[in-house]
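Undergrad: Sending over a structure as structure tokens; questions will come in a sec.
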Amino acid sequence: MNTMIKFLMSLLALTAALNAFAVDLEVNTPGVNAIKQSMQARHAQLAAHYASGAVGLTADGMIALRDAGAVPLAQRQAVNALVAAENNDRNALYAEIANANGHPEWQAEIRSTFAQRWIQRAQPGWWVQDGGSWKQK
Amino acid sequence: MKRVWIPVTFAAFALSACVTINIYFPAAAAEKAADKIIDEVWQTQQADKPAEPAVKEKK
């Protein structure tokens, strides 16, 4: 009986130790870092469009051209290209994190986690999607 | 003979718990990871503290 208790205690300890290891998500891979760099560089150009309201953060972890009128006609093409490139990177980022952790099926949950965090951390004045409609922070 | 099965059953439960942890999405860890990446992309926090670890080395 005593050995059984010892055995169970050690199993419990082992389970706890394994849990502690499992709680971190790997995001420090060459793939993730490359996408991050690219997004960081693009943000310098996008920031002004977030602030003007031309571009907003969507509920699905992407960005979208919200108010084309806020962009001079001559720049509209460039902004569209920025938005498309950013969304490509974001899709790749979510997929890369899921793959890096050996769970490609987590991609949708990673996307929705990011969507919430992007929106929650958006700066005052930026536009974010909230239940289908746009809202200014 | 019956005694053998009790620890075996518990072991099976404990092992299945380990597997479960890895199958379910770690929501808290994902939030932490997302915040870290968002900070870097938006350069929101000047939390780029690892930039100068050598200075603290001595004195």
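Undergrad: Assuming a ≥ b ≥ c are the square roots of the Cα gyration tensor eigenvalues, decide whether segment A:19-108 counts as rounded (a/c under 1.5), prolate (otherwise, with a/b larger than b/c) or oblate. Intermediate results must be reported in sequence, preceding the final value.
TA: Values: a/c = 2.94, a/b = 2.46, b/c = 1.20.
Prolate, because a/c is 1.5 or more and a/b exceeds b/c.
Undergrad: Using the 10 angstrom Cβ neighbour count as an exposure proxy, how do A:Leu82, A:Leu12, A:Leu57 rank, fewest first?
TA: Ascending Cβ contact count within 10 Å gives the list A:Leu12, A:Leu82, A:Leu57.
Undergrad: Give me the distance between the Cα centres of segment A:93-122 and segment A:26-91, rounded to whole Å.
TA: About 17 Å separates the Cα centre of segment A:93-122 from the one of segment A:26-91.
Undergrad: Helix hunt in chain A: which complete DSSP H runs extend at least 15 Å axially by C-alpha with mean Kyte-Doolittle at least 0.0?
TA: Values: long enough: A:2-22 (30 Å, 1.37); A:30-52 (33 Å, -0.37); A:73-100 (40 Å, -0.17); A:107-120 (20 Å, -0.71).
Length and hydropathy pass: A:2-22.
Undergrad: Moving on to the next point. PRE reach from A:Gln120 (point 7 Å along Cα→Cβ): which of segment A:38-71 fall under 14 Å by backbone N?
TA: No residues fall inside that zone.
Where a number appears in this text, it was derived from the coordinates with a stated rule and is not lab data. Everything quoted here is computed from the prediction, not taken from an experiment. All Cβ positions, glycine included, derive from the backbone under ideal geometry; neighbour counts span all protein chains shown.
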